[in-house]
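The values are calculated or read from the model by the stated rules, or taken from the named source; none is laboratory data. These numbers come from a predicted model, not from an experiment. For neighbour counting, all protein chains shown are included, and Cβ atoms are generated from backbone atoms with ideal geometry for every residue, glycine included.
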Amino acid sequence: MPNKSLVCLLFALIAVLSAQSNYEILFNRPDITGLTGGGATKLDGIPTTGLAVGTVLIIYDGVETRIYRLTAGTDAESSPTIIRPDDFVNPTNAKVWKARISSDPTEVGYSGDNLGNHTATQNIRLGGHYLSNDGDNEGVYVDATGRVGIGTATPQTLMHLSNGFLLRSFFMSRTANGLNQKNRFIGVDANGGMTFGTVTDDFLTAYNQVTFDNNGNVGIGTTTPAAKLDVSGNGKFTGTVSGADAVNASEFITKGQLAVLDSHYIGESYGGGTVFYVYDRGRHGLIAATADQSTGIQWYNGIDRRTQTTGDGVLAGEMNTALIIAIQSQVGDNQLGIFAAKICANYSVTADGVTYGDWYLPSENELNLLYLQRALVGGFTADVNYWSSTEYNHALAWYQSFAVGGNQFYDAKDVANYVRAIRSF
């Protein structure tokens with residue numbers, strides 16, 4: 001026998017259904033066992049030809065209690081939830097028994113009402129309970145103030161997802177071993193900007209970390225970005241910085257505000273000297289020795305001779321230096337003679353365990369670039385002339401004045417001028 005409360009419930013259901021349907025009560029029918037369908041099930045044998053659609057049967061088979069309703073249709077047998085009677089004939093008697101309510105909660109679809117078939121005419125009260133799939137304390141929870149929690153019964157704002165988001169702000173929390181380890185939020189600041197940041201465990205204090213303002217500016221470490229990207233703090237890039245317009249390398253890098261992997265900047269101590277010119281976004285450039293190689297030495301090796309060293313662009317000084325030394329070291333020349341190009345080629349320096357010996361006399365253009373960065377490189381003597389490797393003719397070569405204005409002109413090759421060696425990287 002079913003327990004008394006279940007019996008009372010079933011009789012109450014009969015009272016409700018009887019207003020619209022015929023019904024029979026078939027309690028304590030040991031001959032109806034299992035309701036498995038087929039010829040052995042007596043429910044199959046109940047004639048339905050004379051029964052109206054909507055007829056309700058309440059069946060207790062000794063284990064489970066079910067309420068069946070006679071329904072028009074051609075559904076296939078699927079016991080115990082759908083039983084096709086023996087006198088089923090399509091279309092003259094196309095009716096099947098469908099279980100509407102079952103005491104077995106595993107019979108999905110028949111252990112409760114289908115809310116999808118109804119329209120609410122008043123508010124649904126959860127009464128401090130979850131809206132849950134299996135009736136456990138999980139799913140959606142709405143507190144007395146209307147705040148919604150998913151996975152939590154203590155929502156902190158309009159919507160709070162445990163291990164998820166929160167809305168005023170959305171809060172994102174990740175927990176482990178019952179402890180709050182990570183709290184993040186997405187919100188709107190007083191100016192209408194969108195903010196991302198961290199929040200304390202009590203959800204009372206938030207720290208903005210990234211802000212998108214109404215002008216489309218992005219602030220990292222600042223809530224008032226003044227540019228498309230405004231970073232308060234140090235930045236590090238492991239690639240190149242590029243855009244539609246080339247970055248002004250000398251201005252961008254000399255301020256030391258951005259460290260780019262495998263790139264260098266003007267004023268940097270590198271490669272045995274000081275960087276005074278860069279190109280290819282700092283990956284290549286020119287380095288000057290930190291001190292003069294001579295405070296007075298002639299350009300030639302004692303004989304005026306055409307060397308054909310007219311190159312004056314970036315990197316031209318390296319070829320000029322090699323030609324000057326080769327042409328002024330012929331048979332009959334002073335093989336031990338020291339002159340501007342030779343003293344640069346002979347220079348070497350060891351820095352950080354590396355010996356750099358590929359120095360040369362700068363071309364006219366390279367020497368002017370060095371003059372422009374003379375304050376950063378340092379060690380120059382003002383109001384004197386420095387030799388370049390660019391030849392004017394067989395007897396004259398170009399020099400650069402390091403006085404204010406930095407004029408370039410040519411001088412006799414036997415004049416003793418200053419020398420500063422450079423190298424490339």
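Okay, here's what the table says:
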{"read-out": "Which numbered condition Ile253 misses (of (1) in a loop (DSSP other than H, G, I, E, B); (2) at pLDDT below 85; (3) β-branched (Val, Ile, Thr))", "value": "(1)"}
{"read-out": "Out of Val349, Val354, sole residue that is under 18 Å from Gln293 (Cβ atoms), within 47 Å of the chain's Cα centre (by Cα) and not polar (S, T, N, Q)", "value": "Val349"}
{"read-out": "Positions within segment 394-406 being free of Cβ contacts under 8 Å to residues at least 24 places away in the same chain, farther than 14 Å from Leu369 by Cα and in a strand (DSSP E or B), in sequence order", "value": "Leu396"}
{"read-out": "Residue match in segment 330-343 (condition: surrounded by fewer than 17 Cβ atoms within 10 Å (Cβ to Cβ) and on the phi > 0 side of the Ramachandran plot)", "value": "yes"}
{"read-out": "From Gly317, Gly353, Gly337, Gly332, residue being assigned by TED's automatic domain parsing to the domain that holds Asn385 and touching a Pro at 6+ places or on another chain (Cβ under 6 Å)", "value": "Gly317"}
{"read-out": "Exclusive hit being surrounded by 10 or more Cβ atoms within 10 Å (Cβ to Cβ) and modelled with pLDDT of 85 or more, set Asp201, Asp213", "value": "Asp213"}
{"read-out": "Residue check for Gly313: modelled with pLDDT of 95 or more, within 47 Å of the chain's Cα centre (by Cα) and within 18 Å of Trp398 (Cβ to Cβ)", "value": "no"}
{"read-out": "Members of segment 359-393 that are in a loop (DSSP other than H, G, I, E, B) and surrounded by 14 or more Cβ atoms within 10 Å (Cβ to Cβ)", "value": "Trp359, Leu361, Pro362, Ser363, Gln373, Phe380, Val384, Tyr392"}
{"read-out": "Filtered residue count, segment 54-97, keeping only those that are outside any loop (DSSP other than H, G, I, E, B) and either in contact (Cβ under 8 Å) with a residue 40 or more places away in the chain or under 12 Å from Leu43 (Cβ atoms) (or both)", "value": "17"}
{"read-out": "Residue satisfying condition, being surrounded by fewer than 18 Cβ atoms within 10 Å (Cβ to Cβ) and modelled with pLDDT under 60, within set Asp136, Asp113", "value": "Asp113"}
{"read-out": "Every residue from segment 308-328 that is within 20 Å of Tyr347 (Cβ to Cβ) and hydroxyl-bearing (Ser, Thr, Tyr)", "value": "Thr309, Thr321"}
{"read-out": "Filtered residues of segment 356-389 (kept if without any contact (Cβ under 8 Å) to a residue 40 or more places away in the chain and of a type in the set (S, T, N, Q))", "value": "Asn385"}
